[in-house]
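One structure below.
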Amino acid sequence: MTKPDKSGLAPRYAAYQLIEAVTGEGRLLPELIGAGALARLDPQDRARAQRIAMETLRALDRADRMLKPFMAKRPPLPVRNALRMGTVEIWAFGEAPHGVVNACVEIIGRDPKHRGMKGLVNAVLRKVAEERPGAWDRLPTPRLPDWLRDPMIAAWGKPAVAAMEEAHYKGAALDLTPKGDAETLAAQLGGAVLPTGSVRLADAGQVSQLPGYDAGHWWVQDAAAALPARILNATPGEKVLDLCAAPGGKTMQLAAAGADVTAVDVSDGRMTRVGQNLARTGLNARTVVADAFDFDEAGWDAILLDAPCSATGTIRRHPDLPRAKDGSEFGALIDQQEALIDHALSLLKPGGRLMFCTCSLLPDEGEVQVEEALSRHPGLTVEGIDTGALGVDPAWITEEGGLRLRPDYWPELGGMDGFYMALLRKPA
């Protein structure tokens, strides 16, 4: 591990490489970081590189708007990414232009194919730095790429999508699910209790250093993601299956309710982390590494299916997602969700409950799935949701009886992830 880089070049170069991998190779930040992309950096530089990469990806559209007047034509993507990163550092972070410009010039100078464009990078970023005060803030809120924006407008309309884009640009605070009393935890950490019972921290810092982490008094979980398990309302002794369980927040909620929980996920590495979190929180659940379709134990009182999806509801926290993807996987995901619903229903005992949920903003991965499941399975019903007890707006209940959450909800509280959930009852 290296010492902190006083020049700032090492974290900037690492951030640039992350941005390149996302926009050029379609890779996601968690995948890159998990594979060791920042492992050689000092912890302080690692955090800085991650912040630069995330905020640049979050503001790509705005950076492109600021850069456009200073370029006759768009340069190659690697050069454009250096310019975008430099623009965000100068204007969004308020970094000294001299250091930013020099670093970006050096970064392009390391690229044999594009080093001849060092002069362009130097000239353009110096012009960007000379823009009038407030120029950055006057630019429109960054827009989603058209491949995602168009279907979202079709589903929710332009004003709603614009509000979601505002929420995406603001990013997300840190939400915690308390193992005990929410008010007590909020007081200990200087947070606020949300209407749904999660605790929100505006400026959390290093998560593992927060009071109560080692003791397992809480776990990180967006407020929206905490609601499916609450709606499922597992009771002590119930036999409950958490299908597609990783990263395990819902598994811990079910275990904390006293249910007899089995968590299934196909990823050995992710399931190892689930086991570690269960141990840290002192909660018990059986963990099984298996493909959901290969798991055939039946007779469950309740099943929670957080199905693989586009994850478009998590862009507040994952600004890399719309830049790494192009929507080409949507069809396969929708087919997989349909098959998973049918498989889960086959494992439920008669009269059992199935919580189906996805962290998606697309109705085809939520409302439409439930409507079609009802048509495929005679006697299947949607259970009502007590919005008052849950702490959500009754207007968020959808026509078929599910709960639709969006990033633009709770704007005064800092928003939430986009999520869809519905509680299905198998006929007795």
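Laboratory data are not the source of any read-out in this text; all were calculated from the coordinates shown. Here the structure is a predicted model, which is why all the values come from computation and not from measurement. Cβ placement follows ideal geometry from the backbone for every residue including glycine, while neighbour counts extend to all protein chains displayed.
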**Item:** Share antiparallel - DSSP beta bridges, the chain, percent rounded to 5
**Value:** 50 percent
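Could you line up D111, D45, D137 from fewest to most neighbouring Cβ atoms inside 10 Å? Present the calculation step by step, with values, prior to reporting the outcome.
Working: D111 17, D45 23, D137 9.
Arranged by neighbour count, lowest to highest, D111, D45, D137 become D137, D111, D45.
Only counting other Cβ atoms within 10 Å, I'd like H168, H377 sorted with the fewest neighbours first.
Numbers: H168 25, H377 15.
Ascending Cβ contact count within 10 Å gives the list H377, H168.
Can you give the FRET efficiency to the nearest 0.05 for H377 and D146, using r as the Cβ-Cβ distance and R₀ = 22 Å?
Numbers: r = 36 Å, r/R0 = 1.64.
Step by step, r from the Cβ atoms, then E = 0.05.
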**Fill in**
Note, the range 66-77: 3J(HN,Hα) by Karplus (6.51, -1.76, 1.60, θ = phi - 60°), whole Hz, Gly/Pro = x, goes 6, 6, 3, x, 9, 9, 5, 8, 6, x, x, 3
**Complete:** Under the rule rounded for a/c under 1.5, else prolate if a/b exceeds b/c, else oblate, using alpha carbon gyration tensor axes a ≥ b ≥ c, the range 9-138 is classed as prolate
**Request:** For Q44 paired with R270, estimate the spin-label separation in nm (one decimal), with each label point 7 Å from Cα along the Cα-to-Cβ line.
**Result:** 3.5 nm
**Item:** For W156, W91, order by how many other beta-carbon atoms lie within 10 Å, fewest first
**Value:** W156, W91
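Please work out the FRET efficiency for the pair E25 and R126, using the Cβ-Cβ distance as r and a Förster radius of 30 Å; give the result to the nearest 0.05.
Details: r = 30 Å, r/R0 = 1.00.
That pair, E25 with R126, gives E of 0.50.
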**Message:** Using only DSSP helix segments of four residues or longer, with each worth -39500 (n - 2.57), what per-residue ellipticity at 222 nm results for the chain after dividing by its residue count and rounding to 500?
**Reply:** -13000 deg cm²/dmol
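Assuming 1.567 mPa s and 4 °C, estimate D for the range 222-425 with Stokes-Einstein, Rh taken as the Kirkwood radius over Cα pairs, in µm²/s. Don't jump to the answer; show the numbers that get you there.
Values: Rh = 17.1 Å.
Translational D for this selection: 76 µm²/s.
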**Message:** How far apart, in nanometres, would the label points at A389 and K113 be if each is projected 7 angstrom from Cα along the Cα-to-Cβ direction?
**Reply:** 5.8 nm
**Item:** Amide N proximity, the range 78-94 versus R138 label position 7 Å along Cα-to-Cβ, cut-off under 17 Å
**Value:** 91-92
**Asked** If one takes the longest principal axis of the Cα atoms in the chain, at what angle in degrees, from 0 to 90 and to the nearest 10, does the Cα axis of helix 118-129 lie?
**Response** 80 degrees
**Item:** Beta bridges per DSSP with both ends in the range 222-425, % antiparallel, nearest 5
**Value:** 40 percent
**Item:** the range 320-340 versus the range 50-96: alpha-carbon centroid distance in Å
**Value:** 28 Å
**Prompt:** How far is helix 146-156 tilted off the main Cα axis of the chain, in degrees rounded to 10, range 0 to 90?
**Reply:** 40 degrees
**Item:** Contour minus Cα-Cα distance for E106 and A215 (0.36 nm per residue)
**Value:** 34.7 nm
**Asked** In straight Cα distance, which lysines are under 20 Å from K250, not counting same-chain residues fewer than 8 positions off?
**Response** K179, K239
**Request:** May I have the extent of the alpha carbons of the range 107-179 along their three principal axes, as whole Å values ordered from largest to smallest?
**Result:** 50, 38, 31
